[in-house]
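> Pasting in a structure now, in structure tokens, and then I'll have a few things to ask.
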Amino acid sequence: MRERGKGGRTRLAMISTDVTLPVVHDAIYRNVEQGSTIHTDEAPVYEGIGGLFYEHATVNHTMRQYRHYDITTNGIESVFAVLKRGIIGVYHRVSVKHLGRYVHEFSFRLNEGNVARKTVDRLDSFIAAVAGKRLTYERLTQ
């Protein structure tokens, strides 16, 4: 999920290997602020998210529609492109077992990688995120 506008943050997470309407709706309800406008493609798993809590606008990729006025999915597609290029270019391939860890790493990179921020500030963000967390080789390979 990607927030647009000033100070927008990218929030990436593994939600399920079974992408169904209830799973996607639950992820949206847990992660997207009520009152937000959600831009998606026409996939059936997004049916019914508009209404009481959210505005929902779509583009129809099947009909080669990639933008309709200010409705677009280009932002999140750019995020996925960065993730895929990173996996292919840096790690070459990843296991499903650890995919969530790679996703979190790239979410951090997207959110904290602003070169306008001083390196020390970016390092402070990194240290704060990992402080008190230890991943042993044994736990990693279980």
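> Using the crude model of +1 on Lys and Arg Cβ and -1 on Asp and Glu Cβ, and no other charge, please compute the dipole size for the range 1-89 relative to its Cα centre, in debye to 20. Working shown, then result.
Details: 10 positive and 10 negative charges, 99 e Å.
Dipole about the Cα centre, nearest 20: 480 debye.
> Near the amide H of HIS56, under 5 Å away, which other amide H atoms are found, from residues 5 or more places off or on another chain, if H is placed in the peptide plane?
HN-HN under 5 Å from HIS56: ILE38, GLY51.
> Using a Förster radius of 25 Å, what is the FRET efficiency between ASP124 and VAL96 based on their Cβ-Cβ separation? Nearest 0.05, please. It would help to have the intermediate numbers written out before the result.
Details: r = 33 Å, r/R0 = 1.30.
Efficiency at R0 = 25 Å is approximately 0.15.
> Which residue, chosen from HIS56, VAL24, PRO44, occupies the Cα position most advanced towards the positive end of the dipole of the range 21-140, where the dipole is computed from +1 (Lys, Arg) and -1 (Asp, Glu) charges on Cβ about the Cα centre?
Final value for the positive-end residue is VAL24.
> Using 7 Å Cα-to-Cβ label points, what is the LEU52/ARG30 separation (nm, one decimal)?
Distance between the two pseudo-spin positions: 2.0 nm.
> Using each residue's phi in the range 38-55, evaluate 6.51 cos²θ - 1.76 cosθ + 1.60 at θ = phi - 60° and report the 3J(HN,Hα) Karplus result to the nearest Hz, with x for Gly and Pro.
Each residue's phi maps through the Karplus curve to give 9, 9, 9, 7, 8, 3, x, 5, 9, 4, x, 7, x, x, 4, 9, 9, 8 Hz.
> Amide H neighbours of GLN65 under 5 Å, at least 5 residues apart or on other chains, H built in the peptide plane: list them.
Counting only residues 5 or more places away or on other chains, the set is ASN60.
> Calculate for the chain the 222 nm mean residue ellipticity that helices alone would give, adding -39,500 (n - 2.57) per DSSP H run of length 4 or more and normalising by residue count, nearest 500 deg cm²/dmol.
Rounded to the nearest 500, the figure is -11500 deg cm²/dmol.
> Tell me the GluC sites (Glu not before Pro) within the range 25-76 that lie in a loop according to DSSP and have at most 16 other beta-carbon atoms within 10 Å.
The qualifying sites are GLU33, GLU42, GLU47.
> While we're on this one: Under a crude label model (7 Å from the Cα following the beta-carbon direction), how far is LEU21 from LYS133 in nanometres?
So the two model labels end up 3.5 nm from each other.
> Order by neighbour count: ARG11, ARG134, fewest other Cβ atoms within 10 Å first, most last.
Values: ARG11 14, ARG134 6.
Ranking ARG11, ARG134 by Cβ neighbours within 10 Å, fewest first, gives ARG134, ARG11.
Read-outs: derived from the displayed coordinates by stated rules, not from any lab. Since the structure is predicted, the reported quantities are computational estimates derived from the model, not experimental observations. Virtual Cβ from ideal backbone geometry, glycine too; neighbours counted across all protein chains shown.
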